[in-house]
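Remarks on the structure that follows.
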Amino acid sequence: MDLFVPPLKQPLSTRMRPTSIDQFIGQEHLMGEGKMIRRILESKVLSSLIFYGPASSGKTTLAFVMAKELHIPFEQINAVLDGVKDLRLIVEKAEKRRHLSGEQTLLFVDEIHRWNRSQQDALLPHIESGLLVLIGATTENPYYSLVSPLLSRCQLFELYALDVDHVKHALNLAIKDEDRGFGTWSIVVQEEALDHWASFANGDIRNALNALEMAILSTPKSEDGTVYIDRRVAEESIQKRQRRYDRTGDQHYHYASAFIKSLRGSDVDASLYWMAAMLEGGEDPMFIFRRLLIFASEDIGLAEPYLITVVESNVRAFEQCGMPEGLYFLSHACIHCALAPKSNSTKSIFKVLKHIQQHGVGEVPDALKDRTANRLKSTYEQKENPSEDYLYPHDFPNHWVEAEYLPKNLTNRTFYEPGSEGREANYWERIQQIKRKIDS
């Protein structure tokens with residue numbers, strides 16, 4: 001079996017890393033003609049920046065490209081591994097460099113959100129003095145993960161996930177590039193193979209290039225010296241789809257939001273889709289069940305008051321059976337919540353709480369006060385017990401009698417607004433019956 005030998009020891013993904021602005025793939029909203037990052041590079045004037053976006057969107061690569069284009073000394077720190085001690089060493093080097101040549105130093109801090117407040121604050125005096133120009137990269141929302149003084153000294157740029165066309169473009173470049181890729185070799189790659197890599201890489205060019213390299217180096221040459229790559233080989237070289245989902249990052253909240261809003265909109269297919277996306281991304285199924293329990297009361301409520309017990313039963317069944325059978329219980333609860341009639345009348349409690357917080361709690365009507373406590377007081381004061389005026393509803397027809405239960409200053413005040421869907425229509429009708437009796 002005649003196999004190719006790689007021309008260089010470096011992986012293909014490393015060799016194909018862009019070294020100039022023209023080689024950079026994606027982020028056209030920043031890198032296109034007349035766009036901000038391109039204008040920064042063309043003007044040769046760089047200020048501190050924060051790159052915010054999902055993993056594999058090109059944040060690190062863009063920092064390298066900018067340093068290369070601007071011919072500025074480059075230092076790198078990974079916030080997961082390095083701390084203030086490592087920063088001090090870089091500051092010392094930067095001070096010597098500025099003393100000798102007057103040059104600034106570009107400091108790239110990868111995963112800058114991993115630094116705590118004091119570590120982030122340690123950057124501030126060096127940015128302020130102009131000793132360092134910072135480029136920070138984060139997958140977390142910078143407004144939550146970075147301190148305000150640092151954000152105020154940096155321009156914020158959001159990078160987007162790369163799409164299938166970006167990945168295919170990178171694959172074709174690697175196949176054709178004679179200096180860094182396989183352009184000097186005889187290789188034929190079926191379009192279906194490229195589509196498979198681009199789809200399964202899910203925006204991660206590095207992963208796609210690694211799969212391409214594995215496929216080429218592990219496939220024997222044909223008699224004419226050509227390596228033929230079809231979909232089967234592509235499938236063997238990348239068997240697990242890359243995930244963008246992060247259980248602790250923005251995607252967690254975006255997917256959960258899409259899930260709840262799809263349920264609220266009674267779109268059962270979208271509800272199942274976003275739930276499956278969270279599960280595929282490694283989400284804890286109990287997080288999803290907790291959201292469904294809340295939804296069953298917040299958004300379905302009295303329109304289907306027993307649905308919360310259905311969700312709770314599915315939770316217990318899941319705990320007893322586990323995965324993968326537990327998917328049935330998740331699906332059961334999800335479908336039921338999506339298609340059930342909707343009502344948000346349980347939010348009435350927040351209206352009442354707001355009123356009490358603003359106006360305080362009114363006096364309990366005399367007839368509603370505890371009869372025993374009032375008896376002791378009335379005996380001591382030799383007065384009539386006001387609680388004796390309480391009218392017991394079960395002593396009257398239809399188990400109802402007209403009475404005032406709210407404080408005097410809230411007579412006829414309405415907090416609960418019943419919905420008209422599902423079972424709650426019965427409650428609405430009950431209220432109308434009571435009102436008709438009061439009016440008559």
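Compute the FRET efficiency between LYS221 and SER43 as 1/(1 + (r/R0)^6), taking r as their Cβ-Cβ distance and R0 = 41 Å, and round to the nearest 0.05. Intermediate results must be reported in sequence, preceding the final value.
Values: r = 49 Å, r/R0 = 1.20.
According to the calculation, E is roughly 0.25.
For n ≥ 4 DSSP H runs only, could you compute -39500 (n - 2.57) per run for the chain, divide by its residues and tell me the 222 nm figure to the nearest 500?
Mean residue ellipticity at 222 nm (helix-derived): -14500 deg cm²/dmol.
Please give the peptides 173-184, 62-73 ranked by average Cβ packing (other Cβ atoms within 10 Å per residue), highest first, as a rough proxy for protection.
Per-residue mean Cβ counts within 10 Å order the peptides as 62-73, 173-184.
Please tell me which of these pairs span more than 26 angstrom C-alpha to C-alpha: LYS408/LYS435; LYS35/LYS59; LYS9/LYS44; LYS44/LYS93; LYS9/LYS35; LYS35/LYS176?
LYS9/LYS44; LYS9/LYS35; LYS35/LYS176, as the Cα separations exceed 26 Å there.
Taking a quarter of the surface of the Cα convex hull of the chain, what do you get in nm²? Please report the intermediate quantities before stating the final value.
Details: hull surface 141.8 nm².
About 35.4 nm², averaged over all directions.
Return the equivalent ellipsoid semi-axes of the stretch 43-117 as a descending list in whole Å, where each equals the square root of 5 times an eigenvalue of the C-alpha gyration tensor.
Gyration-tensor ellipsoid for the stretch 43-117: 21, 18, 9 Å.
Using amide H atoms built in the peptide plane, which far-off residues or other-chain residues are under 5 Å from ILE135 H to H?
Those lying under 5 Å, H to H, from ILE135 are LEU49, LEU107, PHE108, VAL109.
Run the quick spin-label model on MET286 and ASP269: label points 7 Å from Cα toward the beta carbon, then report their separation in nm to one decimal.
That separation, rounded to one decimal, is 3.4 nm.
Measuring from label point to label point, each 7 Å out along Cα→Cβ, what is the GLN320 to ARG436 span in nm?
4.5 nm
Convert each backbone phi in the stretch 110-119 into a coupling constant with the Karplus relation 6.51 cos²θ - 1.76 cosθ + 1.60 (shift: θ = phi - 60°), then list the ³J(HN,Hα) values in order as whole Hz, x for Gly and Pro.
Result, rounded to whole Hz: 7, 6, 4, 5, 6, 7, 7, 4, 5, 5.
If you add up the charges near ILE260, with Lys and Arg at +1 and Asp and Glu at -1, over every other residue whose beta carbon is less than 11 angstrom from its beta carbon, what do you get?
+1
With a/c under 1.5 counting as rounded, go ahead and sort the stretch 250-339 into rounded, prolate or oblate using the C-alpha gyration tensor (a ≥ b ≥ c being the square roots of the eigenvalues; past the cut-off, prolate if a/b is larger than b/c, else oblate).
Here the stretch 250-339 falls in the oblate category.
For helix 285-295, what angle does its Cα long axis make with the longest principal axis of the chain, in degrees from 0 to 90 and rounded to 10?
40 degrees
Enumerate the amide H contacts of PHE24 below 5 Å, restricted to partners 5 or more residues apart or on another chain; note that Pro and chain-start residues carry no placed amide H.
none
Which of the GluC sites (Glu not before Pro) found in the stretch 75-117 are in a DSSP loop and have at most 13 neighbouring Cβ atoms, other than their own, within 10 Å?
Hits after loop and neighbour filter: GLU103.
How would you rank 258-265, 149-156, highest first, on the average number of other Cβ atoms within 10 Å across their residues?
Ranked by mean Cβ neighbours within 10 Å, highest first: 258-265, 149-156.
Which one of VAL65, PHE318, PRO341 is farthest out on the positive end of the charge dipole of the chain, using unit charges on Cβ (Lys, Arg +1; Asp, Glu -1) and the Cα centre as origin?
VAL65
Going Cα to Cα from LYS261, which lysines come in below 28 Å? Please leave out same-chain ones fewer than 8 positions away.
LYS342, LYS347, LYS351, LYS354
When you count, for each residue, the other Cβ atoms within 10 Å and take the mean per peptide, how do 222-228, 292-298 rank with the highest first?
292-298, 222-228
Give me the extension gain from THR184 to TYR392: residue separation times 0.36 nm, minus the current Cα-Cα distance, reported in nm with one decimal.
Working: separation 208, 0.36 × 208 = 74.88 nm, distance 9.51 nm.
Additional length available on full extension: 65.4 nm.
What FRET efficiency comes out for THR411 versus THR309 if R0 is 41 angstrom and r is the Cβ-Cβ distance? Round to the nearest 0.05.
Working: r = 36 Å, r/R0 = 0.88.
Calculated transfer efficiency: 0.70.
At 7 Å along Cα-to-Cβ for each site, give me the label-to-label distance between ILE21 and ILE356 in nm.
Between ILE21 and ILE356, the simple spin-label model gives 6.2 nm.
Can you figure out the FRET efficiency of GLN10 with GLU298, using R₀ = 41 Å and their beta-carbon distance, to the nearest 0.05?
On the way: r = 54 Å, r/R0 = 1.32.
Between GLN10 and GLU298 the formula returns 0.15.
We did not get these values from a lab; they are worked out from the coordinates using the rules stated. Because the structure is predicted, anything quoted here is derived from the model rather than measured. Note that we place each Cβ from the backbone using ideal geometry, even for glycine, and neighbour counts take in every protein chain shown.
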